[in-house]
Amino acid sequence: MRLALIGLVTALIVVVAARAVTASPDPPWPGGVVKVWAPTQGTIDTMINAATRWNRSGADVHITVVRDRDRADVIVRRDDDKLHALCGRLCFGYTTVNGGPGELYLRESLDALRPLSLWVAVHELGHVLGLGHRAGHGCSVMAPHWYDTSCPPSMGRQVGSVFDPRCAPATVDIEDAVRLYGGKVTRDPYCSAT
């Protein structure tokens, strides 16, 4: 019994503890600095909130939304015809960024700050940072589809709090970003569920 209790306490300490990790020698964005430009106020609000999620995740990244399109590394576009040509009619977002300047496409209907638009923007910024899709149905913003994860965004019209969507990014997504950029992983047990 005592051994089981010690094992349980040790497991809880491991889950709750933050750990420092050294950055990859070749992250896609040296220093984790990425500048993003967005075309409309709704998209700007969504991208600022998505950038804040990554900036506060524990990974050593600094994503900013800039006013001057010429200073941006990533240009956000809202063009459903181009988006559908790139990834199909069920696609909500796509990025052409691969470790350098490029474009990030968001579905035109995502031009307001809502849980789904924020989830898609955090997902696409994950790709910008160099993260790929995560297989399976565990809690991850890097799931191939927003509906294919154990922690999907709500379908509400408004982002109600910092917890909606709560797991954008999720613990496994932050771990992947920390492997690339360094930083500390802080685990949220809710966002660590498989």
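Would you call VAL162 in a loop (DSSP other than H, G, I, E, B) and modelled with pLDDT of 85 or more? It is false that VAL162 is in a loop (DSSP other than H, G, I, E, B) and modelled with pLDDT of 85 or more. Scanning the range 116-135 for residues that are of a type in the set (Val, Ile, Thr) and touching a residue at least 60 places away in the same chain (Cβ under 8 Å) returns VAL122, VAL128. Counting the residues of the range 60-91 that are touching a residue at least 40 places away in the same chain (Cβ under 8 Å) and either of a type in the set (Lys, Arg) or closer than 13 Å to LEU125 by Cα (or both) gives 5. In the range 97-137, the residue that is surrounded by the most Cβ atoms within 10 Å (Cβ to Cβ) out of those that are outside any helix (DSSP H, G or I) and acidic (Asp, Glu) is ASP111. Of the residues making up the range 71-116, those that are over 16 Å from the mean Cα position of the chain (by Cα), of a type in the set (Lys, Arg) and under 23 Å from THR149 (Cβ atoms) are ARG89, ARG107.
Taking first residues from the range 29-45 that are on the phi > 0 side of the Ramachandran plot and in contact (Cβ under 8 Å) with a residue 24 or more places away in the chain and partners that are assigned to a helix (DSSP H, G or I) and of a type in the set (Ser, Thr, Tyr), the Cβ contacts under 7 Å between residues at least 6 apart in sequence or on separate chains come to GLY32/TYR181. Within the range 47-74, track down each residue that is in a helix (DSSP H, G or I) and small (Gly, Ala, Ser). Result: ALA50, ALA51. Just one of the listed residues (TYR94, TYR181) is touching a residue at least 40 places away in the same chain (Cβ under 8 Å), surrounded by 18 or more Cβ atoms within 10 Å (Cβ to Cβ) and among the hydroxyl-bearing types (Ser, Thr, Tyr), and it is TYR181.
The values are calculated or read from the model by the stated rules, or taken from the named source; none is laboratory data. All values derive from a computational prediction rather than experimental measurement. When we count neighbours, we look across all protein chains shown, and the Cβ atoms used for this are built from the backbone with ideal geometry, even at glycine.
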